Amino acid sequence: MPCFWLSFADADKPPGTQFLGAALVEAKDFLSAVKAARVYGCNPGGEVQGVELDSALYYVPESYQNRLMSESEARALTGAEFLRPEHQALSTTQQPDDTPLPALDSIPLVSG
């Protein structure tokens, strides 16, 4: 099942406090991921942006799934932690066909 990176924010909060957290959630599509995040208690509300991680490249361990991460924890992730073993020998910036490797640090955190 696909895994989605979700980033939550509240634009009505003062600048610097708008980021509410990020979560990695398995679901069939984006809307299902947002709903699943609410069920798992890792959807703090506010606005949400998300992206599906390429399951051929990435595997997200259960310890990272279905929980709300702080801004510092989310920013510390690069995506290399989740590369499948067969892709770990690759550069962290290139796939076998030389297209850019989508890193988690390139996914925008919704913040002010």
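Values in this text are rule-based calculations from the coordinates and carry no lab data. Since this is a predicted model, take the numbers as computed values, not measurements. With ideal geometry, Cβ positions are generated from the backbone for all residues, glycine too; neighbour counts draw on all protein chains shown.
Report the calculated FRET efficiency for D54 and D10 (r = Cβ-Cβ distance, R0 = 25 Å), to the nearest 0.05.
Details: r = 29 Å, r/R0 = 1.17.
For R0 = 25 Å, the calculated efficiency reads 0.30.
Give, as a single signed number, the net charge of other residues whose beta carbon lies under 12 Å from the beta carbon of M1, with Lys and Arg counted +1 and Asp and Glu -1.
Details: positive: K28; negative: E26, D29, E52.
Net local charge, M1 excluded: -2.
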